[in-house]
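K.L.:
One structure, pasted below without further comment.
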Amino acid sequence: MDDESTFSIMKNPIHNKHIVLGVCGGIAAYKSVELLRLLQKQGAQVRVIMTQNAKWFVGPLTFEALTGQPVCTSLFEKGDDAPIRHIAWAEQADAVIIAPATANIIGKLAGGIADDALSTFLLAVKCPVMLCPSMNTHMYESKAVERNLSLLKADGYFIIEPGAGKLACGTIGPGRLPEPEEILDRMVSCLSRRDLAGKKMLVTAGPTREDIDPVRFISNPSTGKMGFSIARAAEHRGAKVVLITGPTNLPDLCNVTMVRIRTSEEMADAVFQHMEKSDIIIKAAAVSDYRPREPAKQKIKKEKDEMVLLLQKNQDILKELGRRKKDRILVGFAAETENLKKNALKKLSEKNLDMIVGNLVGDSASGFGSDTNKVTLFFRDGMVESLDAMDKDSVSHVILDRLIERILPMKTE
Ligand code: CTP
(Lines give C-alpha, C1' and ligand atoms only; values in the text may rest on other atoms or scores of the structure.)
Protein backbone atom coordinates (compact mmCIF):
# COMPACT_ATOMS: atom_id res chain seq x y z
CA MET A 1 0.00 0.00 0.00
CA ASP A 2 1.47 3.40 -0.92
CA ASP A 3 1.43 6.52 1.22
CA GLU A 4 -1.40 8.05 -0.71
CA SER A 5 -3.89 5.26 -0.07
CA THR A 6 -2.78 4.97 3.57
CA PHE A 7 -3.61 8.64 3.93
CA SER A 8 -7.08 8.30 2.37
CA ILE A 9 -7.91 5.40 4.63
CA MET A 10 -6.93 7.38 7.73
CA LYS A 11 -9.46 10.02 6.75
CA ASN A 12 -12.21 7.57 5.90
CA PRO A 13 -14.24 6.89 9.05
CA ILE A 14 -15.86 3.80 7.51
CA HIS A 15 -12.65 1.93 6.73
CA ASN A 16 -12.35 -1.32 8.71
CA LYS A 17 -15.53 -0.55 10.65
CA HIS A 18 -17.97 -3.36 11.45
CA ILE A 19 -21.26 -2.29 9.95
CA VAL A 20 -24.47 -4.29 10.21
CA LEU A 21 -26.92 -3.73 7.39
CA GLY A 22 -30.52 -4.51 8.36
CA VAL A 23 -32.82 -5.21 5.41
CA CYS A 24 -36.59 -5.18 5.80
CA GLY A 25 -39.39 -6.30 3.47
CA GLY A 26 -39.94 -3.39 1.11
CA ILE A 27 -39.62 -3.02 -2.64
CA ALA A 28 -36.50 -0.88 -2.12
CA ALA A 29 -34.66 -3.89 -0.62
CA TYR A 30 -32.89 -4.33 -3.97
CA LYS A 31 -31.09 -1.01 -3.37
CA SER A 32 -29.53 -2.41 -0.20
CA VAL A 33 -27.44 -4.74 -2.38
CA GLU A 34 -25.84 -1.69 -4.03
CA LEU A 35 -25.46 -0.02 -0.63
CA LEU A 36 -23.60 -3.08 0.63
CA ARG A 37 -21.20 -2.88 -2.34
CA LEU A 38 -20.56 0.83 -1.70
CA LEU A 39 -19.84 0.21 1.98
CA GLN A 40 -17.45 -2.59 1.08
CA LYS A 41 -15.67 -0.34 -1.44
CA GLN A 42 -15.01 2.06 1.44
CA GLY A 43 -13.34 -0.76 3.35
CA ALA A 44 -16.20 -1.58 5.75
CA GLN A 45 -16.73 -5.10 7.10
CA VAL A 46 -20.45 -5.59 6.50
CA ARG A 47 -22.81 -8.25 7.85
CA VAL A 48 -26.47 -8.51 6.96
CA ILE A 49 -29.57 -9.22 9.03
CA MET A 50 -32.79 -9.71 7.06
CA THR A 51 -36.38 -9.90 8.23
CA GLN A 52 -38.47 -12.82 7.01
CA ASN A 53 -40.40 -10.45 4.71
CA ALA A 54 -37.19 -9.08 3.19
CA LYS A 55 -36.56 -12.56 1.80
CA TRP A 56 -39.54 -12.06 -0.56
CA PHE A 57 -37.63 -9.25 -2.24
CA VAL A 58 -33.95 -10.29 -2.16
CA GLY A 59 -32.47 -13.72 -1.54
CA PRO A 60 -30.18 -14.13 1.49
CA LEU A 61 -27.76 -15.90 -0.84
CA THR A 62 -27.10 -12.61 -2.66
CA PHE A 63 -25.90 -10.99 0.58
CA GLU A 64 -24.11 -14.13 1.67
CA ALA A 65 -22.14 -14.29 -1.58
CA LEU A 66 -21.26 -10.61 -1.47
CA THR A 67 -20.26 -10.46 2.21
CA GLY A 68 -18.70 -13.92 2.43
CA GLN A 69 -20.52 -14.14 5.79
CA PRO A 70 -23.64 -15.96 6.94
CA VAL A 71 -26.77 -13.80 6.79
CA CYS A 72 -28.83 -13.66 9.96
CA THR A 73 -32.53 -14.21 9.26
CA SER A 74 -33.89 -15.91 12.35
CA LEU A 75 -33.53 -15.70 16.13
CA PHE A 76 -33.09 -19.40 16.51
CA GLU A 77 -30.80 -20.44 13.68
CA LYS A 78 -27.56 -22.14 14.66
CA GLY A 79 -24.71 -19.70 14.08
CA ASP A 80 -21.42 -21.10 12.97
CA ASP A 81 -19.60 -17.88 13.85
CA ALA A 82 -21.18 -17.14 17.23
CA PRO A 83 -23.40 -18.98 19.70
CA ILE A 84 -26.05 -16.23 19.76
CA ARG A 85 -25.43 -14.46 16.48
CA HIS A 86 -27.64 -11.37 16.80
CA ILE A 87 -26.24 -10.55 20.26
CA ALA A 88 -22.61 -11.10 19.25
CA TRP A 89 -23.10 -8.94 16.17
CA ALA A 90 -24.66 -6.18 18.29
CA GLU A 91 -21.59 -6.15 20.53
CA GLN A 92 -19.16 -6.01 17.62
CA ALA A 93 -20.97 -3.40 15.50
CA ASP A 94 -19.50 0.09 15.03
CA ALA A 95 -22.59 1.27 13.17
CA VAL A 96 -25.92 -0.04 11.94
CA ILE A 97 -27.93 0.94 8.86
CA ILE A 98 -31.51 -0.20 8.40
CA ALA A 99 -32.34 0.21 4.70
CA PRO A 100 -35.11 0.00 3.84
CA ALA A 101 -36.72 0.58 7.24
CA THR A 102 -40.39 -0.36 6.99
CA ALA A 103 -43.24 1.00 9.12
CA ASN A 104 -43.12 -2.34 10.93
CA ILE A 105 -39.50 -2.15 12.15
CA ILE A 106 -39.92 1.55 12.98
CA GLY A 107 -42.99 0.71 15.09
CA LYS A 108 -41.28 -2.22 16.80
CA LEU A 109 -38.16 -0.22 17.64
CA ALA A 110 -40.17 2.74 18.93
CA GLY A 111 -42.22 0.38 21.11
CA GLY A 112 -39.28 -1.72 22.30
CA ILE A 113 -40.62 -4.90 20.73
CA ALA A 114 -38.12 -7.70 20.07
CA ASP A 115 -39.82 -10.57 18.26
CA ASP A 116 -37.41 -11.48 15.46
CA ALA A 117 -33.68 -11.39 14.70
CA LEU A 118 -33.52 -7.77 13.50
CA SER A 119 -35.71 -6.18 16.19
CA THR A 120 -33.96 -8.15 18.94
CA PHE A 121 -30.54 -7.22 17.56
CA LEU A 122 -31.56 -3.54 17.46
CA LEU A 123 -32.42 -3.47 21.15
CA ALA A 124 -29.02 -4.92 22.01
CA VAL A 125 -27.04 -2.40 19.92
CA LYS A 126 -24.95 0.34 21.58
CA CYS A 127 -23.42 2.01 18.47
CA PRO A 128 -25.00 4.65 16.16
CA VAL A 129 -28.04 3.38 14.25
CA MET A 130 -29.24 5.01 11.02
CA LEU A 131 -32.78 4.33 9.85
CA CYS A 132 -33.75 4.86 6.21
CA PRO A 133 -37.55 4.79 6.12
CA SER A 134 -39.10 3.68 2.84
CA MET A 135 -42.76 2.94 2.32
CA ASN A 136 -45.99 4.08 0.68
CA THR A 137 -46.52 7.86 1.06
CA HIS A 138 -49.78 7.49 3.01
CA MET A 139 -48.13 5.05 5.40
CA TYR A 140 -45.15 7.39 5.84
CA GLU A 141 -47.46 10.32 6.53
CA SER A 142 -49.67 8.34 8.94
CA LYS A 143 -49.88 9.61 12.51
CA ALA A 144 -48.40 6.36 13.86
CA VAL A 145 -45.26 6.41 11.70
CA GLU A 146 -44.77 10.14 12.28
CA ARG A 147 -45.09 9.63 16.03
CA ASN A 148 -42.74 6.63 16.05
CA LEU A 149 -40.10 8.45 14.00
CA SER A 150 -40.13 11.45 16.31
CA LEU A 151 -39.79 9.11 19.32
CA LEU A 152 -36.82 7.41 17.66
CA LYS A 153 -35.23 10.76 16.77
CA ALA A 154 -35.53 11.83 20.41
CA ASP A 155 -33.94 8.50 21.43
CA GLY A 156 -30.85 9.38 19.35
CA TYR A 157 -31.46 7.35 16.19
CA PHE A 158 -30.31 8.97 12.94
CA ILE A 159 -33.23 9.17 10.54
CA ILE A 160 -32.67 9.77 6.83
CA GLU A 161 -35.58 11.58 5.20
CA PRO A 162 -36.99 9.54 2.33
CA GLY A 163 -36.95 11.01 -1.15
CA ALA A 164 -40.14 12.16 -2.87
CA GLY A 165 -41.43 11.13 -6.28
CA LYS A 166 -43.51 8.46 -7.97
CA LEU A 167 -43.26 5.32 -5.85
CA ALA A 168 -43.45 1.68 -6.94
CA CYS A 169 -46.99 1.48 -5.51
CA GLY A 170 -48.11 4.30 -7.83
CA THR A 171 -48.52 7.05 -5.22
CA ILE A 172 -46.65 10.32 -5.57
CA GLY A 173 -44.93 11.82 -2.50
CA PRO A 174 -42.32 11.03 0.12
CA GLY A 175 -41.41 7.41 0.83
CA ARG A 176 -38.67 6.54 -1.62
CA LEU A 177 -35.44 5.09 -0.25
CA PRO A 178 -32.66 7.61 -0.93
CA GLU A 179 -30.01 6.50 -3.40
CA PRO A 180 -27.29 4.27 -1.90
CA GLU A 181 -24.66 7.01 -2.48
CA GLU A 182 -26.68 9.38 -0.29
CA ILE A 183 -27.10 6.78 2.46
CA LEU A 184 -23.34 6.13 2.36
CA ASP A 185 -22.65 9.86 2.56
CA ARG A 186 -24.88 10.17 5.64
CA MET A 187 -23.12 7.19 7.25
CA VAL A 188 -19.72 8.84 6.68
CA SER A 189 -21.09 12.03 8.21
CA CYS A 190 -22.49 10.10 11.16
CA LEU A 191 -19.14 8.42 11.93
CA SER A 192 -16.89 11.44 11.26
CA ARG A 193 -15.14 13.48 13.92
CA ARG A 194 -17.38 16.54 14.41
CA ASP A 195 -14.52 18.98 14.97
CA LEU A 196 -16.19 21.74 12.94
CA ALA A 197 -19.51 21.53 14.79
CA GLY A 198 -20.98 24.98 15.32
CA LYS A 199 -18.90 26.56 12.52
CA LYS A 200 -20.52 28.25 9.55
CA MET A 201 -18.53 27.81 6.38
CA LEU A 202 -18.81 29.38 2.95
CA VAL A 203 -17.09 27.55 0.09
CA THR A 204 -16.89 28.53 -3.58
CA ALA A 205 -16.23 26.12 -6.43
CA GLY A 206 -16.12 25.71 -10.17
CA PRO A 207 -15.60 28.10 -13.06
CA THR A 208 -17.57 31.19 -14.01
CA ARG A 209 -18.90 31.96 -17.48
CA GLU A 210 -18.65 35.41 -19.01
CA ASP A 211 -20.95 35.89 -21.97
CA ILE A 212 -19.58 37.05 -25.33
CA ASP A 213 -22.94 36.67 -27.06
CA PRO A 214 -26.01 34.44 -26.46
CA VAL A 215 -24.14 31.31 -27.65
CA ARG A 216 -20.54 31.88 -26.52
CA PHE A 217 -18.72 32.58 -23.29
CA ILE A 218 -15.26 32.85 -21.70
CA SER A 219 -14.57 30.23 -19.06
CA ASN A 220 -11.90 27.81 -17.85
CA PRO A 221 -11.64 24.02 -17.37
CA SER A 222 -12.41 23.98 -13.62
CA THR A 223 -14.74 21.07 -12.80
CA GLY A 224 -15.51 22.15 -9.24
CA LYS A 225 -14.22 18.89 -7.73
CA MET A 226 -11.86 20.56 -5.22
CA GLY A 227 -14.46 23.00 -3.86
CA PHE A 228 -17.19 20.34 -3.71
CA SER A 229 -14.80 18.02 -1.89
CA ILE A 230 -13.98 20.70 0.71
CA ALA A 231 -17.66 21.47 1.23
CA ARG A 232 -18.49 17.77 1.66
CA ALA A 233 -15.60 17.18 4.09
CA ALA A 234 -16.58 20.22 6.16
CA GLU A 235 -20.20 19.08 6.33
CA HIS A 236 -19.10 15.61 7.42
CA ARG A 237 -17.06 17.23 10.17
CA GLY A 238 -20.08 19.12 11.49
CA ALA A 239 -19.92 22.55 9.81
CA LYS A 240 -23.01 24.24 8.39
CA VAL A 241 -21.95 24.75 4.81
CA VAL A 242 -23.04 27.04 1.98
CA LEU A 243 -21.53 26.10 -1.39
CA ILE A 244 -21.58 28.72 -4.12
CA THR A 245 -20.65 27.10 -7.40
CA GLY A 246 -20.29 27.97 -11.03
CA PRO A 247 -21.53 25.54 -13.72
CA THR A 248 -20.37 21.96 -13.05
CA ASN A 249 -21.64 18.44 -13.71
CA LEU A 250 -21.51 17.62 -10.02
CA PRO A 251 -24.76 16.85 -8.16
CA ASP A 252 -25.96 18.80 -5.11
CA LEU A 253 -24.32 17.78 -1.84
CA CYS A 254 -26.37 16.33 1.03
CA ASN A 255 -27.18 18.74 3.82
CA VAL A 256 -25.28 21.61 2.16
CA THR A 257 -27.00 24.83 1.05
CA MET A 258 -26.32 24.94 -2.69
CA VAL A 259 -26.18 28.24 -4.60
CA ARG A 260 -25.62 27.76 -8.32
CA ILE A 261 -24.41 30.80 -10.24
CA ARG A 262 -23.03 31.46 -13.76
CA THR A 263 -21.04 34.66 -13.97
CA SER A 264 -18.40 36.21 -11.72
CA GLU A 265 -20.81 39.05 -10.94
CA GLU A 266 -23.41 36.51 -9.77
CA MET A 267 -20.72 34.80 -7.71
CA ALA A 268 -19.73 38.11 -6.11
CA ASP A 269 -23.39 38.90 -5.25
CA ALA A 270 -23.92 35.46 -3.71
CA VAL A 271 -20.64 35.57 -1.76
CA PHE A 272 -21.26 39.01 -0.26
CA GLN A 273 -24.81 38.01 0.61
CA HIS A 274 -23.60 34.95 2.58
CA MET A 275 -20.29 36.25 4.01
CA GLU A 276 -21.79 37.98 7.06
CA LYS A 277 -23.15 34.67 8.36
CA SER A 278 -19.88 32.77 7.82
CA ASP A 279 -17.00 32.11 10.24
CA ILE A 280 -14.77 30.48 7.64
CA ILE A 281 -14.59 31.24 3.90
CA ILE A 282 -12.70 29.01 1.45
CA LYS A 283 -12.51 30.30 -2.11
CA ALA A 284 -11.68 27.41 -4.40
CA ALA A 285 -13.57 28.80 -7.41
CA ALA A 286 -11.70 29.63 -10.62
CA VAL A 287 -13.21 33.05 -11.19
CA SER A 288 -12.77 34.69 -14.60
CA ASP A 289 -10.55 37.73 -14.21
CA TYR A 290 -12.18 39.50 -17.17
CA ARG A 291 -15.55 39.66 -18.89
CA PRO A 292 -16.52 41.03 -22.32
CA ARG A 293 -17.32 44.70 -21.78
CA GLU A 294 -20.42 44.64 -23.93
CA PRO A 295 -21.80 41.15 -24.57
CA ALA A 296 -23.58 41.10 -27.96
CA LYS A 297 -27.36 40.84 -27.77
CA GLN A 298 -27.47 38.64 -30.87
CA LYS A 299 -25.11 35.92 -32.08
CA ILE A 300 -21.94 37.48 -33.55
CA LYS A 301 -21.62 36.54 -37.25
CA LYS A 302 -18.25 35.58 -38.70
CA GLU A 303 -18.09 38.45 -41.16
CA LYS A 304 -14.61 39.84 -40.43
CA ASP A 305 -11.29 38.01 -40.66
CA GLU A 306 -10.22 39.43 -37.32
CA MET A 307 -12.14 40.75 -34.39
CA VAL A 308 -11.23 42.47 -31.17
CA LEU A 309 -13.04 41.60 -27.98
CA LEU A 310 -12.86 44.33 -25.39
CA LEU A 311 -12.60 42.88 -21.90
CA GLN A 312 -13.25 44.51 -18.59
CA LYS A 313 -11.67 43.42 -15.31
CA ASN A 314 -13.96 41.59 -12.89
CA GLN A 315 -14.01 42.41 -9.23
CA ASP A 316 -11.49 40.36 -7.25
CA ILE A 317 -13.97 38.79 -4.85
CA LEU A 318 -11.34 37.33 -2.55
CA LYS A 319 -9.51 40.63 -2.24
CA GLU A 320 -12.74 42.37 -1.28
CA LEU A 321 -13.45 39.61 1.26
CA GLY A 322 -9.96 40.21 2.65
CA ARG A 323 -10.87 43.87 3.18
CA ARG A 324 -14.13 43.07 4.93
CA LYS A 325 -13.13 39.88 6.77
CA LYS A 326 -12.81 41.15 10.41
CA ASP A 327 -12.06 38.01 12.49
CA ARG A 328 -13.28 35.55 9.87
CA ILE A 329 -10.91 32.90 8.56
CA LEU A 330 -10.17 33.38 4.89
CA VAL A 331 -8.54 30.75 2.69
CA GLY A 332 -7.72 31.24 -0.99
CA PHE A 333 -6.33 29.15 -3.80
CA ALA A 334 -3.54 30.05 -6.19
CA ALA A 335 -3.37 28.23 -9.51
CA GLU A 336 0.00 28.99 -11.06
CA THR A 337 2.03 27.81 -14.02
CA GLU A 338 5.35 29.15 -12.63
CA ASN A 339 6.89 30.72 -9.51
CA LEU A 340 4.36 29.09 -7.20
CA LYS A 341 5.88 30.30 -3.93
CA LYS A 342 6.40 33.92 -4.99
CA ASN A 343 2.95 34.25 -6.57
CA ALA A 344 1.13 32.45 -3.75
CA LEU A 345 2.80 34.57 -1.04
CA LYS A 346 1.95 37.74 -2.95
CA LYS A 347 -1.73 36.74 -3.07
CA LEU A 348 -1.68 35.67 0.59
CA SER A 349 -0.58 39.12 1.67
CA GLU A 350 -2.41 41.27 -0.91
CA LYS A 351 -5.72 39.51 -0.29
CA ASN A 352 -5.27 39.42 3.52
CA LEU A 353 -5.63 35.62 3.77
CA ASP A 354 -4.94 33.24 6.64
CA MET A 355 -3.84 30.48 4.31
CA ILE A 356 -3.43 29.98 0.58
CA VAL A 357 -3.47 26.63 -1.17
CA GLY A 358 -1.08 26.76 -4.11
CA ASN A 359 -0.86 24.33 -6.94
CA LEU A 360 1.09 24.18 -10.16
CA VAL A 361 -1.30 23.68 -13.05
CA GLY A 362 0.14 21.36 -15.65
CA ASP A 363 1.57 18.88 -13.15
CA SER A 364 0.00 15.51 -14.06
CA ALA A 365 -1.12 14.89 -10.44
CA SER A 366 -2.90 18.19 -10.00
CA GLY A 367 -5.07 20.83 -11.49
CA PHE A 368 -8.30 21.08 -13.39
CA GLY A 369 -10.48 17.99 -13.64
CA SER A 370 -7.98 15.70 -11.94
CA ASP A 371 -9.11 13.46 -9.06
CA THR A 372 -5.82 14.11 -7.30
CA ASN A 373 -4.04 17.29 -6.35
CA LYS A 374 -0.52 18.18 -5.30
CA VAL A 375 -0.62 21.35 -3.27
CA THR A 376 1.53 23.51 -1.04
CA LEU A 377 -0.01 25.32 1.89
CA PHE A 378 1.28 28.79 2.73
CA PHE A 379 0.37 30.31 6.08
CA ARG A 380 0.32 33.89 7.29
CA ASP A 381 3.08 33.27 9.84
CA GLY A 382 5.48 32.16 7.10
CA MET A 383 5.09 28.43 7.54
CA VAL A 384 5.01 26.45 4.30
CA GLU A 385 3.84 22.84 3.97
CA SER A 386 4.20 20.86 0.75
CA LEU A 387 1.85 17.90 0.59
CA ASP A 388 2.37 14.77 -1.48
CA ALA A 389 0.02 14.15 -4.39
CA MET A 390 -3.18 12.72 -2.97
CA ASP A 391 -6.87 12.46 -3.85
CA LYS A 392 -8.84 15.67 -3.53
CA ASP A 393 -10.88 14.38 -0.55
CA SER A 394 -7.65 13.84 1.39
CA VAL A 395 -6.39 17.31 0.41
CA SER A 396 -9.66 18.74 1.72
CA HIS A 397 -9.24 17.02 5.06
CA VAL A 398 -5.65 18.26 5.45
CA ILE A 399 -6.78 21.82 4.67
CA LEU A 400 -9.48 21.49 7.34
CA ASP A 401 -7.05 19.87 9.80
CA ARG A 402 -4.60 22.77 9.44
CA LEU A 403 -7.36 25.27 9.75
CA ILE A 404 -8.46 23.68 13.03
CA GLU A 405 -4.93 23.14 14.41
CA ARG A 406 -3.14 26.31 13.30
CA ILE A 407 -5.62 29.04 12.46
CA LEU A 408 -8.69 28.61 14.67
CA PRO A 409 -6.72 28.74 17.96
CA MET A 410 -5.19 32.11 16.93
CA LYS A 411 -8.66 33.54 16.28
CA THR A 412 -10.04 32.47 19.63
CA GLU A 413 -7.07 33.68 21.70
N1 CTP B 1 -10.40 35.14 -7.08
C2 CTP B 1 -11.54 35.86 -6.80
N3 CTP B 1 -12.03 36.74 -7.72
C4 CTP B 1 -11.41 36.93 -8.88
C5 CTP B 1 -10.24 36.21 -9.19
C6 CTP B 1 -9.76 35.32 -8.26
O7 CTP B 1 -12.13 35.68 -5.73
N8 CTP B 1 -11.91 37.81 -9.73
C9 CTP B 1 -9.88 34.20 -6.06
C10 CTP B 1 -9.90 32.74 -6.47
O11 CTP B 1 -11.12 32.12 -6.05
C12 CTP B 1 -8.70 32.18 -5.73
C13 CTP B 1 -7.76 33.35 -5.63
O14 CTP B 1 -8.54 34.50 -5.86
O15 CTP B 1 -9.03 31.79 -4.42
C16 CTP B 1 -6.61 33.31 -6.60
O17 CTP B 1 -7.08 33.15 -7.90
P18 CTP B 1 -6.07 33.03 -9.12
O19 CTP B 1 -6.85 32.86 -10.38
O20 CTP B 1 -5.00 32.03 -8.80
O21 CTP B 1 -5.32 34.42 -9.11
P22 CTP B 1 -5.76 35.89 -9.43
O23 CTP B 1 -5.94 36.61 -8.13
O24 CTP B 1 -6.89 35.91 -10.39
O25 CTP B 1 -4.43 36.47 -10.08
P26 CTP B 1 -3.72 36.04 -11.47
O27 CTP B 1 -4.82 35.59 -12.38
O28 CTP B 1 -3.06 37.29 -11.90
O29 CTP B 1 -2.75 34.93 -11.11
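K.L.:
Can you go through I106, I160 and tell me which one is within 21 Å of I14 (Cα to Cα), in contact (Cβ under 8 Å) with a residue 24 or more places away in the chain and open to solvent by less than 50 Å² (accessible area, probe 1.4 Å)?
P.N.:
I160
K.L.:
Name, by its number, the condition in (1) open to solvent by 50 Å² or more (accessible area, probe 1.4 Å); (2) away from the ligand (no atom under 16 Å from the Cβ) that does not hold for V256.
P.N.:
Here V256 meets the rest and fails (1).
K.L.:
A further question on this structure: Mind listing whichever residues of the stretch 259-272 are among the charged types (D, E, K, R) and within 11 Å of the ligand (Cβ to nearest atom)?
P.N.:
E265
K.L.:
Counting residues that are modelled with pLDDT of 95 or more, which strands (runs of 3 or more DSSP E) fully inside the stretch 137-212 reach at least 2?
P.N.:
Ranges flagged: 200-205.
K.L.:
Can you name the condition, by its number, that N220 falls short on among (1) assigned to a loop (DSSP other than H, G, I, E, B); (2) open to solvent by less than 40 Å² (accessible area, probe 1.4 Å)?
P.N.:
Just one mismatch for N220, condition (2).
K.L.:
Mind checking whether some residue in the stretch 233-251 is open to solvent by 60 Å² or more (accessible area, probe 1.4 Å), under 15 Å from the mean Cα position of the chain (by Cα) and basic (K, R)?
P.N.:
Checked the stretch 233-251: at least one residue is open to solvent by 60 Å² or more (accessible area, probe 1.4 Å), under 15 Å from the mean Cα position of the chain (by Cα) and basic (K, R).
K.L.:
Among the residues of the stretch 59-71, write down those that are surrounded by 19 or more Cβ atoms within 10 Å (Cβ to Cβ) and among the β-branched types (V, I, T). Reasoning before the result, please.
P.N.:
Keep residues of the stretch 59-71 that are surrounded by 19 or more Cβ atoms within 10 Å (Cβ to Cβ), which gives 63, 71.
Within the stretch 59-71, V71 is the sole residue that qualifies.
K.L.:
Another one. So the check is Cβ under 8 Å with 6+ separation or different chains; which pairs have a first residue in the stretch 38-62 that's β-branched (V, I, T) and a second one that's open to solvent by 90 Å² or more (accessible area, probe 1.4 Å)?
P.N.:
Pairs found: T51/N104; V58/Y30.
K.L.:
Let me ask something additional. How many residues are open to solvent by 40 Å² or more (accessible area, probe 1.4 Å) and more than 11 Å from the ligand (Cβ to nearest atom) when one looks only at the stretch 343-384?
P.N.:
Adding up the residues that qualify gives 15.
K.L.:
A further question follows. In the stretch 316-334, what residues are near the ligand (Cβ under 6 Å from one of its atoms) and in contact with a Gly (Cβ under 7 Å, 6 or more places away or on another chain)?
P.N.:
L318, A334
K.L.:
Determine, yes or no, whether A44 is under 30 Å from the mean Cα position of the chain (by Cα), in the same structural domain as R186 (by TED's automatic domain parsing) and either loosely packed, with under 14 Cβ neighbours inside 10 Å or within 26 Å of A144 (Cβ to Cβ) (or both). Write out each step before concluding.
P.N.:
Details: under 30 Å from the mean Cα position of the chain (by Cα): yes; in the same structural domain as R186 (by TED's automatic domain parsing): yes; either loosely packed, with under 14 Cβ neighbours inside 10 Å or within 26 Å of A144 (Cβ to Cβ) (or both): no.
Here the answer is no, as A44 does not meet what is asked.
K.L.:
Here's a check for you: in the stretch 273-315, which residue that is free of Cβ contacts under 8 Å to residues at least 40 places away in the same chain and under 17 Å from I261 (Cα atoms) is nearest to the ligand (Cβ to nearest atom)?
P.N.:
Once the filter is applied, the top-ranked residue is D289.
K.L.:
If I filter the stretch 163-198 down to residues being basic (K, R) and under 22 Å from K17 (Cα atoms), which single residue comes out as least open to solvent (accessible area, probe 1.4 Å)?
P.N.:
Top of the filtered list is R186.
The values are calculated or read from the model by the stated rules, or taken from the named source; none is laboratory data. Small disclaimer: the values here were computed from a predicted structure and weren't measured. With ideal geometry, Cβ positions are generated from the backbone for all residues, glycine too; neighbour counts draw on all protein chains shown. Ligands, DNA and RNA are excluded from the accessible area calculation, which covers all protein heavy atoms including side chains. Shrake-Rupley method; radii C 1.70, N 1.55, O 1.52, S 1.80 Å.
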